[in-house]
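J.: Can you read through this structure? Questions will come right after.
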Amino acid sequence: MKIVLTLLAAVFALLLSCSPSKPASPTYARDIAPILHRECVPCHRPGELAPFPLLTYDDARKRARQIVQVTGSGFMPPWKPEPGFGTFVGERRLSAGDIETLRRWAEAEAPLGDSTLVPEPPVFTDGWRLGEPDLVLGMPESYTVPAEGVDLFRNFLLAGVIDETRYIRAFQFRPGNPKVVHHAVIMIDQSGTARRRDALDAEPGFAGMSFGEAREPDGHFLGWTPGKAPAQSRDEMAWSLRPGSDLVVLLHMLPTGKPEPIQASLGLYFAAGPPARVPASIRLGRKDIDIAAGDDNYVLEDRYVLPVDVELLRIYPHMHYLGKSVQVYATKPDGSKQWLIRIDDWDFNWQDDYQYEESPRLPAGTEIYMRYVFDNSWANVFNPNIPPKAVTYGLRSADEMGDLILQVLPEDPKDLAPLLQDLHHQWLAQEIQGHQMLLRADPEDFENHHTIAMYHLQAGSADSADVHFERTLQLHPTYAEAHVNYAAALAARGRLAAGIDHLEQAIDSRPGFSKAHFNLGLALHAAGQRVKAGQHFEEAARLRPEMAAAIRRTVAGLRR
Amino acid sequence: MRKRTAFVGLFMAAMAACSQQQEPSALDLDGHRVTPFDVAMPATTLIFVRTDCPISNRYAPEIQRLQDEYGPRGMRLFLVYPDGDETPESIRRHATEYSLSVESLLDPDHELVDHVQATVTPSAAVIVAGQLVYLGHIDNRYDDLGKARAAASRQSLREVLDAVAAGQVPPLRHTRAVGCLIADLK
């Protein structure tokens, strides 16, 4: 028996040695270091957002199984767009082969291999990567992120002097403390709102995810996420920064367990002169979002038909914590379909704007279609409401948004103006939608009716405007501003008598309202009542002496 | 032959008895070997952490609150660092940085890790009268790596400590802890 067993063992041993040899286990030196250095180390090194370095063998060995876990699940490297639905600059993706190599290495107890073969870790330029900026703007004082709590969204004014209009060809954002900053968006405020809000908040900056008056410059989007290279525009596409503008940075920050001071800065690189080409931002999405508590499959769709031929440069899908998936594609006039982006597992924390490796060319008549899905159930771990509650559109992180921003460049620069005109109409429609939504919550909000009336007027739908002007004045009969605006809308359509009636009501409500007197003067003049008109022009000038000269010039012009 | 078998048997029994007496131990920051299971205390809680695990670091304020609230009620809390590369200095530095004043132990040979079978940092083990009654998360804030709720809906460790404080010996409970794998540290 014993002999038989021995023989069998010998045969097995022979068989094993004859079978094609199992590939040798990967080693750190030969196989793993190149992957980590290429894909992980840009963030996993001291001074970057990633919580631990992966620069050396010891770093990697002490995370071997964890690396297998997170690369296998797709958690790392963080890159949300699905492959095959658009190719983007700076994709952070591991190949299936790389993931398998990592797995086999960990399984073999993470061998070092021949230490002489370990490649040198890549060298990174710390500080300003594009050289010394032409202008550096920064947070004037540091802000301290508390040790714990929910994610923070805070806006900070960046101090610095812009003495003349500058054209910015590149910028680099430096978070100051990369451990806590997860995402930054830089906006321009020319309204002074950011300064006022900052002054009202005792701490540096002011809370909030956004504020209405901040704008992106000239069709550009200025975003930053960890690991992103400094953003450079194409040479001919610099964006302008005018004196009197405030640059405001919105930071999404995560507490780390200890108080973290942060002081961000922004380096700007000037172009020689104004841009030869100006892109435009197309914004799709809806403001009438209304997701019932518990709804795990709320679908939001929007479409936009391009009025001109464009080149699509960048895409930025945006939802908050209830977002689940993103699908965006273009249907060209010939019926062909081109995917622009697809994200099956939306994660607010890893949102980004994506620049196309090769810009899709989309001819006029192309329909861009977006379909977002939201999950407002318990199953969504990120749900900010425990238990879930109904959520509508809004700028706070507990509200929802469903926006898609596309940066496009008209193929023919002459097409920019008609494109912007078309986009303005589309924007008005979105605004009306959003305000209609607010009306559902409070149907008697006369301010809101007034705002909707004004948007309809701008959009050229006078009849719809009338309905909301009427409702505004029904709810608030002495609303002088609304009377004046309604009068202008009526007079523009030749309904002078009705207009005069509203202007008189405006003056009854607010006798010192110079604009009402002036407009009544114009209306009476048009109706041939010159004497009465003259009295109202005089009253308007008396009420606003600083405008008197301008009013008299207008009147003189009318008389000629 | 019979004699030899008997001798081997005796030796095995002695080994077993010896290993039963040998309670798992770890090193305190002064280099003394400590056996943290004090049966005189109502409960001993071990919280496994490392200095470079972002999830255990995010729990630092909660860990300190646990110490402040349950320490005076006779519960003993230890932070256990299973990374053999840590030193008393690096741990003291970490404690200062994260405002932690909790007794800390180095477990380079994973005696405590293996004893309670902890797998990730952070995770908590509660021992009452020498018996493990809880192993798992501090609370359920993390559902997965990178997936944290706005706030925890279950305070699992507190539930166990409250039960012990009320004089109960809760039945053994396991919950899923999310964090950095301890197995990599060996």
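The values are calculated or read from the model by the stated rules, or taken from the named source; none is laboratory data. Being a predicted model, the structure only gives us computed values, none of them experimental. Ideal geometry is used to build each Cβ from the backbone, glycine not excepted, and the neighbour counts take in all protein chains shown. Note: areas computed on protein heavy atoms with side chains; ligands, DNA, RNA excluded. Shrake-Rupley method; radii C 1.70, N 1.55, O 1.52, S 1.80 Å.
J.: From the list A:Pro387, A:Pro333, which residue is within 23 Å of A:Asp422 (Cβ to Cβ) and assigned to a loop (DSSP other than H, G, I, E, B)?
T.: Exactly one residue qualifies, and that residue is A:Pro333.
J.: Now a separate question. Counting residues that are at pLDDT 90 or above, open to solvent by 30 Å² or more (accessible area, probe 1.4 Å) and within 20 Å of A:Gly267 (Cβ to Cβ), which strands (runs of 3 or more DSSP E) fully inside segment A:141-208 reach at least 2?
T.: A:166-174
J.: Being of a type outside the set (A, V, I, L, M, F, W, C) and open to solvent by less than 20 Å² (accessible area, probe 1.4 Å) narrows it down to one residue among A:Glu411, A:Glu400; which is it?
T.: Of A:Glu411, A:Glu400, the one residue that is of a type outside the set (A, V, I, L, M, F, W, C) and open to solvent by less than 20 Å² (accessible area, probe 1.4 Å) is A:Glu400.
J.: If you check every pair at least six apart or on different chains, which have Cβ atoms under 6 Å apart with a residue in segment A:44-66 that is more than 10 Å from every other protein chain (Cβ to nearest Cβ) first and a residue that is in a helix (DSSP H, G or I) second?
T.: Listed by first residue and then by second, the contacts come to A:Leu54/A:Leu36; A:Leu54/A:Ala60; A:Tyr57/A:Tyr28.
J.: Please enumerate the residues belonging to segment B:144-159 that are at the interface with another protein chain (Cβ under 8 Å from one of its Cβ atoms) and part of a loop (DSSP other than H, G, I, E, B).
T.: B:Leu145, B:Gly146, B:Arg149, B:Ala150, B:Ala151, B:Ser153
J.: A:Gly219: assigned to a loop (DSSP other than H, G, I, E, B), buried (at least 19 other Cβ atoms within 10 Å of the Cβ) and under 18 Å from the mean Cα position of the chain (by Cα), yes or no?
T.: Judged against the criteria, A:Gly219 is a match.
Listed here are the residues, each with its yes/no results for (1) among the aromatic types (Phe, Trp, Tyr); (2) at positive phi; (3) surrounded by 20 or more Cβ atoms within 10 Å (Cβ to Cβ).
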{"site": "A:Gln338", "(1), (2), (3)": "no, no, no"}
{"site": "A:Ile343", "(1), (2), (3)": "no, no, yes"}
{"site": "A:Trp346", "(1), (2), (3)": "yes, no, yes"}
{"site": "A:Asp353", "(1), (2), (3)": "no, no, yes"}
{"site": "A:Glu357", "(1), (2), (3)": "no, no, no"}
{"site": "A:Pro363", "(1), (2), (3)": "no, no, no"}
{"site": "A:Phe374", "(1), (2), (3)": "yes, no, yes"}
{"site": "A:Ser377", "(1), (2), (3)": "no, no, no"}
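J.: Being open to solvent by less than 40 Å² (accessible area, probe 1.4 Å) and not in a strand (DSSP E or B) is the filter here, so list the residues in segment A:267-286 that pass it.
T.: Matches in segment A:267-286: A:Ala271, A:Gly273, A:Pro275, A:Pro279.
J.: Residue pairs, Cβ under 8 Å, 6 or more apart or interchain, first in segment A:137-153 and more than 13 Å from chain B (Cβ to nearest Cβ) and of a type in the set (Gly, Ala, Ser), second part of a strand (DSSP E or B) and open to solvent by less than 30 Å² (accessible area, probe 1.4 Å). List them.
T.: A:Gly138/A:Leu158; A:Gly138/A:Ser265; A:Gly138/A:Leu266; A:Ser142/A:Ile262
J.: Now for a different question. How many residues are within 18 Å of A:Leu94 (Cβ to Cβ) and assigned to a loop (DSSP other than H, G, I, E, B) if we restrict to segment A:56-69?
T.: Counting residues in segment A:56-69 that are within 18 Å of A:Leu94 (Cβ to Cβ) and assigned to a loop (DSSP other than H, G, I, E, B) gives 1.
J.: Same structure again: With (1) more than 10 Å from chain A (Cβ to nearest Cβ); (2) in contact with a Ser or Thr (Cβ under 9 Å, 6 or more places away or on another chain); (3) among the basic types (Lys, Arg) as the list, and B:Arg141 as the residue in question, which single condition is left unmet?
T.: Condition not satisfied by B:Arg141: (1).
J.: Would you say A:Glu213 is open to solvent by 50 Å² or more (accessible area, probe 1.4 Å) and within 29 Å of A:Pro274 (Cβ to Cβ)?
T.: yes
J.: Report those helices (runs of 4 or more DSSP H) wholly inside segment A:394-509 carrying at least 3 residues which are of a type in the set (D, E, K, R), over 30 Å from B:Arg149 (Cα atoms) and free of Cβ contacts under 8 Å to residues at least 40 places away in the same chain.
T.: In segment A:394-509, A:462-475, A:496-509 are the helices (runs of 4 or more DSSP H) which contain 3 or more residues that are of a type in the set (D, E, K, R), over 30 Å from B:Arg149 (Cα atoms) and free of Cβ contacts under 8 Å to residues at least 40 places away in the same chain.
J.: Any residue in segment A:117-136 that is of a type in the set (Phe, Trp, Tyr), away from every other protein chain (no Cβ under 14 Å), in contact (Cβ under 8 Å) with a residue 60 or more places away in the chain and surrounded by fewer than 14 Cβ atoms within 10 Å (Cβ to Cβ)?
T.: yes
J.: Restricting to segment B:55-86, what's the tally of residues that are modelled with pLDDT of 95 or more, at the interface with chain A (Cβ under 9 Å from one of its Cβ atoms) and not in a helix (DSSP H, G or I)?
T.: 2
J.: Moving to a separate point now. Tell me whether segment A:327-335 contains one or more residues that are small (Gly, Ala, Ser), surrounded by fewer than 17 Cβ atoms within 10 Å (Cβ to Cβ) and over 17 Å from the mean Cα position of the chain (by Cα).
T.: yes
J.: Six or more apart or on different chains, Cβ under 7 Å: which pairs go from a residue in segment A:171-183 that's on the phi > 0 side of the Ramachandran plot to one that's among the small types (Gly, Ala, Ser) and assigned to a loop (DSSP other than H, G, I, E, B)? Could you list them?
T.: Final answer for the pair search is A:Gly176/A:Ala264.
J.: Turning to a different aspect of this structure: I'd like to check something: does segment A:74-92 contain any residue that is outside any loop (DSSP other than H, G, I, E, B), buried (at least 20 other Cβ atoms within 10 Å of the Cβ) and within 14 Å of chain B (Cβ to nearest Cβ)?
T.: No: zero hits.
J.: Looking for something under 15 Å from the mean Cα position of the chain (by Cα), surrounded by 20 or more Cβ atoms within 10 Å (Cβ to Cβ), more than 9 Å from every other protein chain (Cβ to nearest Cβ) and not in a loop (DSSP other than H, G, I, E, B) - is there at least one such residue anywhere in segment B:160-176?
T.: There is at least one residue in segment B:160-176 that is under 15 Å from the mean Cα position of the chain (by Cα), surrounded by 20 or more Cβ atoms within 10 Å (Cβ to Cβ), more than 9 Å from every other protein chain (Cβ to nearest Cβ) and not in a loop (DSSP other than H, G, I, E, B).
J.: Residues in segment B:97-138 that are assigned to a loop (DSSP other than H, G, I, E, B), open to solvent by less than 10 Å² (accessible area, probe 1.4 Å) and within 13 Å of another protein chain (Cβ to nearest Cβ): how many?
T.: Residues in segment B:97-138 being assigned to a loop (DSSP other than H, G, I, E, B), open to solvent by less than 10 Å² (accessible area, probe 1.4 Å) and within 13 Å of another protein chain (Cβ to nearest Cβ): 2 in total.
J.: Is at least one residue of segment B:131-140 under 23 Å from A:Val150 (Cβ atoms) and over 14 Å from the mean Cα position of the chain (by Cα)?
T.: Yes, segment B:131-140 has at least one match.
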